[in-house]
Amino acid sequence: MLVMMWQILASNNTAFPTPAATLDEAVKLFSDPFYRNGPNDQGIGWNILASLKRVALGFGLAAAVGIPLGFMIGRFRFMGGMFNPIISLLKPVSPLAWLPIGLLVFKSADPAAIWSIFICSIWPMIVNTAVGVQRVPQDYMNVARVLNLSEWKIFTKILLPSVLPYMLTGVRLAIGTAWLVIVAAEMLTGGVGIGFWVWDEWNNLNVPHIIIAIVVIGVVGLVLEQILVAIARSFTYEETGS
């Protein structure tokens, strides 16, 4: 049905490519996705890899900061009182609003894009991890108090196993945000990346390549999310009744 609607739209608008024409372009494009004819003329494969590299860096930094901070916010009430107003203030800010700050601080497009990914993907990790810690059954904490467990034992034996499903949900939400942000950021900063490639093809009025890029962006985002869903499912358990 989608392809049929696409065909009808293309029949009524000669500037819009048909599904068959787009498929022909896709075959040509993916027949050699890793060609390199200079810094401004590279295959779509190199652009995807460049975007994934930026996402990995920004996302990894966000996980390294956000997950421990989420544990502390959920575990210690005074930490929640300190950080919850700041998170509520900054979380709704549009991802691209952070890009000029990154350009101002880092004086370079590449770290500015990584900064935008970091600041926008950190919030789901913090919030979900903190909520998971707060929902640990009080009976578990009472047992830990009776046994006089150290804070490290509480973290490794009680908090981490209980919070892991919540934490992985936050990670899954964050990866979608990170992939969304990098495409938009690359359209503004330029260089090598799938977002810049889309914008460059628009400047060349190459609409079939734009449609192909949209599909590729969706497929890559879907694959990243499904990988994290599979990991989260393997760590999720159901509580049994008494």
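The values are calculated or read from the model by the stated rules, or taken from the named source; none is laboratory data. All figures in this text were calculated on a predicted structure; none of them were measured in a lab. All Cβ positions, glycine included, derive from the backbone under ideal geometry; neighbour counts span all protein chains shown. SASA here: full protein model, heavy atoms, side chains in, ligands and nucleic acids out. Shrake-Rupley method; radii C 1.70, N 1.55, O 1.52, S 1.80 Å.
Under Stokes-Einstein, with the Kirkwood radius over Cα pairs standing in for Rh, what whole-number D in µm²/s applies to the chain at 10 °C and 1.306 mPa s?
Numbers: Rh = 20.5 Å.
Rounded to a whole number, D works out at 78 µm²/s.
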| query | Using 0.36 nm per residue, how much length does the chain from residue 139 to residue 230 gain when fully extended, once their Cα-Cα distance is taken away? | reply | 29.8 nm
| Say we join alpha carbon atoms closer than 10 Å with springs in a Gaussian network model of the chain; which of 33, 92, 165 then has the biggest fluctuation? | 92
| request: Sum -39500 (n - 2.57) across every DSSP H segment of at least 4 residues in the chain, then divide by the residue count to get the 222 nm mean residue ellipticity, nearest 500. | output: -25500 deg cm²/dmol
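Take the Cβ-Cβ distance between residue 157 and residue 30 as r, set R0 to 51 Å, and report the resulting FRET efficiency rounded to the nearest 0.05.
Working: r = 49 Å, r/R0 = 0.96.
It comes out at approximately 0.55.
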| Which whole-number percentage describes the relative contact order of the chain, with Cα contacts under 8 Å and a sequence gap of 6 or more? | 24
| query | Going by alpha carbons, how many degrees (0 to 90, nearest 10) lie between the helix axis of 77-90 and the longest principal axis of the chain? | reply | 20
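With +1 on the Cβ of every Lys and Arg and -1 on the Cβ of every Asp and Glu, and nothing else charged, how large is the dipole of segment 102-242 about its Cα centre, in debye rounded to the nearest 20?
Rounded to the nearest 20 debye, it is 460 debye.
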| task | Provide the per-residue ³J(HN,Hα) series for segment 51-62, in order, calculated from phi with Karplus coefficients 6.51, -1.76, 1.60 and θ = phi - 60°, each as a whole number of Hz, with x at glycine and proline positions. | result | 5, 5, 5, 5, 4, 4, 5, x, 5, x, 5, 5
| remark: Computed over the chain, protein heavy atoms only, probe 1.4 angstrom, the accessible area per residue in square angstrom equals 58
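Just to make sure I understand: if all protein chains stay in place, what is the order of 77, 172 by accessible area at 1.4 Å, largest first? Walk me through the numbers before you get to the answer.
On the way: 77 215, 172 70 Å².
Heavy-atom accessible area, descending, gives 77, 172.
Explain nothing, just the number: relative contact order of segment 119-214, from Cα pairs under 8 Å at least 6 residues apart, as a whole percent. If you can, show how the numbers build up before the last one.
Values: 71 pairs, mean separation 28.4, N = 96.
Normalised by residue count, the contact order of segment 119-214 is 30 percent.
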| task | Enumerate the calculated ³J(HN,Hα) couplings along segment 110-121 in order (Karplus 6.51 cos²θ - 1.76 cosθ + 1.60, θ = phi - 60°), each rounded to whole Hz, writing x wherever the residue is Gly or Pro. | result | 5, x, 5, 5, 5, 4, 4, 5, 4, 6, 9, 8
| field | Computed accessible area, residue 16, all protein chains, 1.4 angstrom probe, square angstrom | value | 60
| How much accessible area does residue 153 have with a 1.4 Å probe, in Å² rounded to the nearest 10? | 90
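From Cα pairs below 8 angstrom and at least 6 apart in sequence, can you work out the relative contact order of segment 1-129, rounded to a whole percent?
Numbers: 99 pairs, mean separation 31.2, N = 129.
The value is 24 percent.
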| So which lysines can residue 53 reach, going by Cα to Cα under 23 Å and dropping same-chain residues fewer than 8 places off? | 107
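Out of every Cα pair in segment 35-145, what percent are spaced more than 21 Å from each other?
The share of Cα pairs beyond 21 Å in segment 35-145 comes to 51 percent.
Kirkwood hydrodynamic radius of segment 133-197 from all distinct Cα pairs, in Å?
Values: mean 1/r = 0.0680 Å⁻¹.
Here the Kirkwood hydrodynamic radius works out to 14.7 Å.
Stokes-Einstein diffusion coefficient for segment 140-242 at 25 °C in a medium of 0.890 mPa s, Rh from the Kirkwood formula over Cα pairs: what value in µm²/s? If you can, show how the numbers build up before the last one.
On the way: Rh = 17.0 Å.
After rounding, the answer is 144 µm²/s.
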| Just how much of residue 223 is accessible, in Å², when a 1.4 Å probe is used and the result is rounded to the nearest 10? | 80
| note | In order over segment 19-30: 3J(HN,Hα) from phi, Karplus 6.51/-1.76/1.60, θ = phi - 60°, whole Hz, x for each Gly or Pro, gives x, 5, 5, 5, 5, 4, 5, 5, 4, 5, 5, 8
| remark: Quick numbers on segment 22-96, Rg and Dmax over C-alpha atoms in Å, give 20.7, 60
| Cα centroid of segment 134-149 to Cα centroid of segment 160-199, whole Å | 35
